[in-house]
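Peer 1: There's a structure below that I have some questions on.
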Amino acid sequence: MTHPEPATARAATSLVEIEDLTKHFPITRGIVIQRQVGAVRAVDGISFTIQRGETLGLVGESGCGKTTAGRTILGLYPATGGAARIEGQDIHSARGSDLLALRRKAQMIFQDPFASLNPRWTVGAIVGEPLRVHKLCHTQAERAARVKELLELVGLSARLINRFPHEFSGGQRQRIGIARALASNPSFIVCDEPISALDVSIQAQVVNLLEDLQDRFGLTYLFIAHDLSMVRHICDRVAVMYLGKLVELAAKDTLYESPRHPYTQALLSAVPVPDPIAERRRRRTILTGDVPSPAHPPSGCHFHTRCPIATEVCSEIEPTWQDIGGGHFVACHHWADGPGRR
Ligand code: SF4
């Protein structure tokens, strides 16, 4: 996949630059001697940039590779190929103090606030861990004071510092996860479906908190989600992923108002519209079948087995990533065919 923006423009303003990033998990057979018989192509050559202070949404169905992409971008999984540069430095080739500095700058908020916090650690130990790892405080007292400050920053009382995760609600636990992510003063945070495990009543509060923190500290987010309505609220641009590849990327209003890829159109057709008249007129595109296995992706366009407008060329030739103007990119042979296909 070619890069979405010219190199000079990218270097000037991008905080994050993902170039042809690939993550394949080997499939092995054999008990004594294991041999590789294939690979799960979870992330298969994705490229995009994120500007400083921007929120880029990454959406797609479960199993499309979004979470693996987020983890590979942060170096939590080694990449099979490509680069994930943060402030110009590739996290996969950095070593020693350079790698530690990148880990400090780039953090993650996890989907499951129940599983992502060590149940045997107090909140003070959990939020204070990045301060210890990155040697950001000189004394225990200094660290405790900073933890209290972080708890208050995310809307929790500093008095809760000695409590354990099980004593908190889901929303409060996610706030603890956010405080932990903020502890090392990062510039970039991957938010991996940070609200999908929370009650609907709590989701907006957590999204508002993330927005406030972004304004206050100039944070840059990669916001992974499958809830397209919330993505529209929080993101500046949105990238759509299907079976390990990006299929469309655009500014949010462009993507929501004139989606060009049939997969994006199908995802958007499932989003309820608040206006009852528009809601009655809404035509749903029901995708048939499941997402194919990333171990055996279909030939040509990976989406051709489910695409309502696929033609012969779709199963034979993989569509290229095309710049169709105005920062709108799409990978589809027939993006320009016919009036709005929704
Ligand atoms: Fe559908 Fe063909 Fe476009 Fe793929 S390339 S999305 S199969 S029309």
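Peer 1: Taking a cut-off of 16 Å between Cα atoms, list the lysines near Lys23, but don't count ones fewer than 8 places away on the same chain.
Peer 2: Straight-line reach from Lys23, under 16 Å: Lys66, Lys245.
Peer 1: Next question. For Ser269 and Ala336, what is the calculated FRET efficiency with R₀ set at 25 Å and r taken between the beta-carbons, to the nearest 0.05?
Peer 2: With a Förster radius of 25 Å, E is 0.80.
Peer 1: Report the full-extension gain for the segment Arg35 to Asn118: residue separation times 0.36 nm, less the Cα-Cα distance, to one decimal in nm.
Peer 2: 26.3 nm
Peer 1: For the chain, what's the relative contact order in percent, using C-alpha pairs closer than 8 Å and at least 6 residues apart?
Peer 2: For the chain, the relative contact order is 19 percent.
Peer 1: Please give me the summed charge of the neighbours of Glu149: other residues whose Cβ is under 11 Å from its Cβ, Lys and Arg +1, Asp and Glu -1.
Peer 2: +1
Peer 1: Once you've got the GNM for the chain with C-alpha springs shorter than 10 Å, pick whichever of Val207, Val127, Val59 has the biggest mean-square fluctuation.
Peer 2: Ranking Val207, Val127, Val59 by mean-square fluctuation puts Val207 first.
Peer 1: Determine the order of Trp121, Trp321, Trp335 by accessible area, beginning with the largest, at a probe radius of 1.4 Å. Before the final figure, lay out the partial values.
Peer 2: On the way: Trp121 100, Trp321 30, Trp335 65 Å².
The residues order as Trp121, Trp335, Trp321, largest area first.
Peer 1: Also: Projecting each Cα onto the charge dipole of the chain (Lys/Arg +1, Asp/Glu -1 at the beta carbon, about the Cα centre), which of Leu243, Thr254, Val40 comes out farthest on the positive side?
Peer 2: Val40
Peer 1: Another question, then. Taking the Cα atoms of the stretch 107-224, report the difference between the largest and smallest coordinate on each principal axis, in whole Å and largest first.
Peer 2: Computed over the Cα atoms, the extents are 39, 31, 20 Å.
Peer 1: Using a 1.4 Å probe and counting only protein heavy atoms, arrange Leu153, Leu117 so the residue with the most accessible area comes first.
Peer 2: Working: Leu153 40, Leu117 5 Å².
Ranked from most to least accessible, the order is Leu153, Leu117.
Peer 1: What's the local net charge at Gly70, with K and R +1, D and E -1, over the other residues with C-beta under 13 Å away?
Peer 2: +1
Peer 1: May I pose another question? The stretch 263-323 to the stretch 70-95: how many Å between their Cα centroids?
Peer 2: Cα centroid of the stretch 263-323 versus Cα centroid of the stretch 70-95: 30 Å apart.
Peer 1: Convert each backbone phi in the stretch 87-92 into a coupling constant with the Karplus relation 6.51 cos²θ - 1.76 cosθ + 1.60 (shift: θ = phi - 60°), then list the ³J(HN,Hα) values in order as whole Hz, x for Gly and Pro.
Peer 2: So the Karplus estimates, Gly and Pro as x, are 6, x, 10, 6, 5, 8 Hz.
Peer 1: Quick check: the angle from helix 96-105's long axis to the longest principal axis of the chain, C-alpha only, nearest 10 degrees?
Peer 2: It works out to around 80 degrees.
Peer 1: Per residue of the stretch 19-27, what does 6.51 cos²θ - 1.76 cosθ + 1.60 with θ = phi - 60° give for ³J(HN,Hα)? Whole Hz please, x for Gly and Pro, Karplus curve as stated.
Peer 2: These are the phi-based 3J(HN,Hα) values: 10, 6, 6, 10, 9, 10, 9, x, 9 Hz.
Peer 1: Rounded to the nearest 20 Debye, what is the dipole magnitude of the chain about its Cα centre when Lys and Arg each give +1 and Asp and Glu each give -1 at the C-beta?
Peer 2: I would put it at about 900 debye.
Peer 1: From the P(r) of the stretch 1-142, could you give the percentage of C-alpha pairs in the tail past 18 Å?
Peer 2: The share of Cα pairs beyond 18 Å in the stretch 1-142 comes to 66 percent.
Peer 1: For the chain, take N as its residue count and report Rg(C-alpha) divided by 2.2 N^0.38 Å.
Peer 2: Values: Rg = 21.1 Å, N = 342, 2.2 N^0.38 = 20.2 Å.
Expressed relative to 2.2 N^0.38 Å, the Cα Rg reads 1.05.
Peer 1: How tilted is helix 123-133 with respect to the longest principal axis of the chain? Cα atoms for both, answer in degrees (0 to 90, nearest 10).
Peer 2: Value to nearest ten degrees: 80.
Peer 1: Of the residues Gly96, Gly124, Gly327, which exhibits the maximal mean-square fluctuation in a Gaussian network model of the chain defined by a 10 Å Cα contact cut-off?
Peer 2: Maximum fluctuation in the GNM of the chain, among the listed residues, is at Gly96.
Peer 1: Mind pulling the angle between the C-alpha long axis of helix 140-153 and the longest principal axis of the chain? Nearest 10 degrees, somewhere in 0 to 90.
Peer 2: 50 degrees
Peer 1: Express as a percent, rounded to the nearest 5, the fraction of DSSP beta bridges in the chain (both residues included) that run antiparallel.
Peer 2: 60 percent
Peer 1: So what are the three principal axis dimensions of the stretch 278-342 from its Cα atoms, in whole Å, longest to shortest?
Peer 2: 40, 31, 21
Peer 1: Then there is this: Straight-line reach from Lys135: which lysines fall under 18 Å, measuring Cα to Cα and dropping same-chain residues less than 8 apart?
Peer 2: The reachable lysines, counting only those whose Cα sits under 18 Å from Lys135, are Lys105, Lys148.
Peer 1: Sticking with this one: Using the Cα centre of the chain as origin and beta-carbon charges of +1 (Lys, Arg) and -1 (Asp, Glu), tell me which of Pro308, His134, Pro186 is placed farthest towards the positive end of the dipole.
Peer 2: Going by the charge dipole, the pick is His134.
Peer 1: Counting helices only, and only those DSSP H runs with n ≥ 4, report the 222 nm mean residue ellipticity of the chain as the sum of -39,500 (n - 2.57) divided by its residues, in deg cm²/dmol to the nearest 500. Kindly include the intermediate steps, with their values, before the conclusion.
Peer 2: Working: 12 runs with 113 residues, N = 342.
So the calculated ellipticity at 222 nm is -9500 deg cm²/dmol.
Peer 1: Averaged per residue, what accessible area in Å² does the stretch 226-342 show with a 1.4 Å probe, protein chains only? Display every interim value, and only then the final one.
Peer 2: Numbers: 5810 Å² over 117 residues.
About 50 Å² of surface per residue is accessible.
Peer 1: In whole Hz, what ³J(HN,Hα) sequence does the stretch 206-211 give by Karplus (6.51, -1.76, 1.60; θ = phi - 60°), x for Gly and Pro?
Peer 2: So the Karplus estimates, Gly and Pro as x, are 5, 5, 4, 4, 4, 5 Hz.
Peer 1: So, one more: Tell me the volume per residue, in Å³, of the convex hull enclosing the alpha carbons of the stretch 137-292.
Peer 2: 157 Å³
Peer 1: Over the stretch 109-205, with every protein chain in place, what whole percent of the accessible area is carbon and sulfur at 1.4 Å, could you tell me?
Peer 2: Percent of accessible area from carbon and sulfur atoms in the stretch 109-205: 50.
Peer 1: How much solvent-accessible surface does His166 expose, in Å² to the nearest 10, with a 1.4 Å probe and all protein chains in place?
Peer 2: Accessible surface of His166 is approximately 130 Å².
The values are calculated or read from the model by the stated rules, or taken from the named source; none is laboratory data. This one's a predicted model, so the numbers in the text were calculated from it and none came from an experiment. We place every Cβ from the backbone using ideal geometry, glycine too, and count neighbours over all the protein chains shown. Please note that ligands, DNA and RNA were not included when accessible areas were found on the heavy atoms of the full protein model with its side chains. Shrake-Rupley method; radii C 1.70, N 1.55, O 1.52, S 1.80 Å.
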